[in-house]
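First the structure, in the form of structure tokens, and then the observations on it.
The values are calculated or read from the model by the stated rules, or taken from the named source; none is laboratory data. Keep in mind it's a predicted model, so treat the numbers as computed, not measured. In this analysis, Cβ positions are derived from the backbone assuming ideal geometry, glycine residues included, and neighbour counts consider all displayed protein chains. In case anyone asks, the SASA skips ligands and DNA or RNA and just uses the protein heavy atoms, side chains included. Shrake-Rupley method; radii C 1.70, N 1.55, O 1.52, S 1.80 Å.
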Amino acid sequence: MVRYTLLPALVFLCWHPLSSQTIYSVRGIAIGTETADPAHVSSVYSNPVGLLTVNNWEFTSSAVGAFNNAEAFGFGMIGVAYRFSENEVGALSYTPTQEFLLQFDNTSIHTEAGGLWPYPSALEFRDRFRIGFARRLSDEVALGISGRWVEEFLRTPGSGYLQSPGNSASYRASLWSFNLGFSYNVNASVKTGALIDNILAVREAYFPDHYRQFEYRPEKIVRIGGAYKYSRELTFTAEVNSRFAVVLGYEQNNVFDLPDFTVRQGFWMTTSSNPIEALSIGLGYSYKTVQFDAAYVHFLGQRVPSNGILPGSFQPLSSLHWNPYTTNQITASVTYAYRSGSEPLVRIEDVQFFSMVFPVNYRVHAMRPLGYARVRNTTDKTVSARLSFFVPKLMSMPTNTSQFYLNPHEIRDIPFTAEFNENILSVHEESFRDARIAVMEAEVNNYTDIEYKKVLILGRNFWNGDPLMLKYFVTPDEPRVKAFARKALYENIDFLESLPPERQPLEKARLVFNRLANLLSYYADEKTFTSLEEFDRVQYPSETLDLRGGDCDDLTVCYSALMNSLGFETAFVDVRYDSVDENGDNAHIYLLVDTKLPAYVWSSLTSNERKLVVRRNSTNRETLWIPVEPTLITKGFDAAWEQGALEYYRDVELMLGQLRGNVKIVDVY
């Protein structure tokens with residue numbers, strides 16, 4: 001019912017002529033700038049690339065209150081946007097009753113072009129129509145263009161003047177002006193944008209020559225902005241333009257633990273004698289597909305006299321939205337996301353992701369749900385449906401759920417999986433990607449509803465500290481890994497063949513480690529901070545070989561991959577300590593290498609049985625395992641073996657780490 005009652009309210013919000021043009025979208029007013037992070041159909045007033053946030057149809061309407069010498073409250077604009085495809089969105093806005101009106105002191109004579117002419121009594125500028133179009137060029141880059149139709153009216157008084165005595169006069173001028181927008185998403189935390197205001201202006205009608213100085217003169221202004229998502233709740237914005245004006249702002253969600261409530265504030269600064277030109281503040285609230293926004297901007301030091309602009313003091317306007325005569329304003333808007341056509345049989349109510357995506361273990365999402373979609377049967381009969389999930393470029397085709405049935409008006413959460421392709425391994429930094437979630441009738445395979453949602457893809461080297469995930473960094477089939485391990489044995493083939501069979505596994509482990517020791521160094525790794533939380537970076541084995549070093553995670557992964565490539569089973573020993581070390585860490589990891597030898601031959605390897613670990617391998621046989629501490633890479637295999645044995649005896653046997661939950665041993669086959 002809300003969709004049928006809300007649309008008329010959007011159109012008939014208010015219908016009263018207003019003497020001040022709105023300066024921006026409501027959200028843009030509140031935070032001061034939307035150059036880098038625009039959103040919704042109203043971004044046609046700021047950076048049109050924000051239209052790409054529109055899912056299907058979107059409607060918006062606003063109201064404006066102007067406060068100067070006289071208060072007025074009236075209709076702002078109504079706009080509509082439509083997504084033509086996954087990468088293209090268009091928009092149109094119309095301002096039916098709003099005007100930017102300047103009153104003049106009309107007791108003077110204006111001399112220009114060799115004659116005496118009445119000084120204008122009023123100037124009116126109507127920014128009525130706007131069109132916009134945005135196209136996504138890649139996951140990071142988008143372009144947008146918007147155009148507007150501006151009409152200008154000049155009125156003169158009707159009596160006491162030399163020109164046209166007893167009759168007033170009115171003149172009209174008009175032009176088209178176009179803006180070009182650009183955005184580049186650096187990563188999930190940082191967005192940048194640029195906008196060229198009035199990149200092209202085409203004038204269709206002029207004032208008479210003696211009134212040319214009163215015409216609107218759109219100035220080409222370059223705006224460059226950035227947005228930094230400090231956390232899930234807090235985003236900072238900044239903009240500088242070619243006039244050397246600076247705007248700073250922030251937007252905070254989840255205020256007072258209300259997830260749908262947003263607070264915004266902006267600071268408008270110029271190089272004039274008054275460094276802070278204006279202050280703005282705003283609120284936002286979302287409810288399902290409806291977004292409510294309100295904003296107030298206060299300009300410090302109004303310049304318009306109560307009896308009108310004095311002759312000779314008029315400053316030609318280069319902007320209708322931010323100029324010496326812009327008044328304090330309060331604005332409010334309602335934005336509604338509407339789906340075209342008749343009510344779908346099955347509608348998507350909400351989409352949530354269980355986690356972000358780590359490229360290193362992308363294959364698990366083909367079996368383990370990545371998220372769920374809340375779907376509703378809108379009919380009075382049972383409906384069969386399927387759900388699909390798709391991320392362009394990172395998936396070869398959509399992943400579909402099995403067929404499910406919904407009872408009449410039933411609401412159910414449907415989990416979905418994702419079969420990513422290897423392109424995901426080319427993602428080096430965190431980034432938000434557009435995911436398409438669609439529900440279709442199972443019997444006819446026609447989409448009934450489509451939702452677009454941002455999914456966070458982390459960088460290929462990101463790791464959350466889970467040892468079960470760490471094993472996915474072990475890549476024994478990499479050509480670089482295979483070649484390195486085989487060369488270590490080939491160079492010592494005669495020595496290995498001279499040994500008894502029970503000695504060969506130990507010596508192979510020693511040869512590979514010592515060859516690695518001649519190449520690598522250990523160094524502590526720095527944590528990676530994203531917009532959401534803290535992660536570690538882990539190098540793939542080939543990266544460690546190329547970089548000639550790494551931390552305990554990197555060296556453990558690399559040595560594990562080398563031994564796996566030779567057919568040895570390995571296992572991570574992940575230890576969580578009760579206190580942190582000098583580097584601020586409370587976790588450590590080292591390696592066990594399976595010799596495949598039965599436990600009773602331990603004396604053929606060492607005289608100290610505590611240097612070996614007896615545990616079951618993948619064949620369920622109890623065999624001898626060698627504990628190795630890779631951080632002692634530069635000291636050679638014997639020192640690493642000795643230290644690894646001491647750590648295992650302390651962590652697992654003395655401290656009962658596995659029983660207490662401080663130690664996890666993860667097999668890597």
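So the values come out like this:
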quantity	calculated
Contour excess over end-to-end distance, with Cα ends at Arg363 and Ile131 and 0.36 nm allotted per residue	79.2 nm
HN-Hα J in Hz across the range 233-248 - Karplus 6.51, -1.76, 1.60, θ = phi - 60°, x for Gly and Pro	9, 10, 10, 9, 10, 8, 8, 10, 10, 5, 8, 6, 8, 10, 10, 10
With all protein chains modelled, accessible area of Phe59 [1.4 Å, Å²]	50
Surface accessible to a 1.4 Å probe, Leu566 within the full protein complex, Å²	40
Where Asp449, Asp638 fall by accessible area, highest first, once all protein chains stay in place (1.4 Å)	Asp638, Asp449
Label-point gap, in nm, between Phe256 and Glu491 - each point 7 angstrom along Cα→Cβ	7.0
His409, His298, reordered so the largest accessible area comes first (probe 1.4 Å)	His409, His298
Pairs from Lys487/Lys664; Lys191/Lys471; Lys508/Lys596 whose Cα-Cα separation, in the structure shown, is over 21 Å	Lys487/Lys664; Lys191/Lys471
Net charge, Thr570 excluded, C-beta distance under 11 Å - Lys, Arg +1, Asp, Glu -1	-2
Estimated dipole of the range 418-474 in Debye, rounded to 20 [Cβ of Lys and Arg +1, of Asp and Glu -1, Cα centre]	300
Efficiency of FRET between Phe292 and Val222 - r from beta-carbon atoms, R0 41 angstrom, step 0.05	0.80
Cβ-based net charge around Ser85, under 14 Å, with every Lys or Arg adding one and every Asp or Glu removing one	+1
Calculated FRET value between Asp578 and Asp350, using beta carbons and R₀ = 60 Å, to 0.05	0.90
Separation of the Lys482 and Ser242 label points, Cα + 7 Å toward Cβ, nm	5.8
Antiparallel DSSP beta bridges within the range 354-466, percent to nearest 5	95
Average accessible area per residue (Å²) across the range 346-457 - probe 1.4 Å, nucleic acids and ligands excluded	46
Label-to-label distance, nm, for residues given as Lys381 and Leu519 (7 Å Cα→Cβ offset)	6.7
Surface accessible to a 1.4 Å probe, Glu451 within the full protein complex, Å²	40
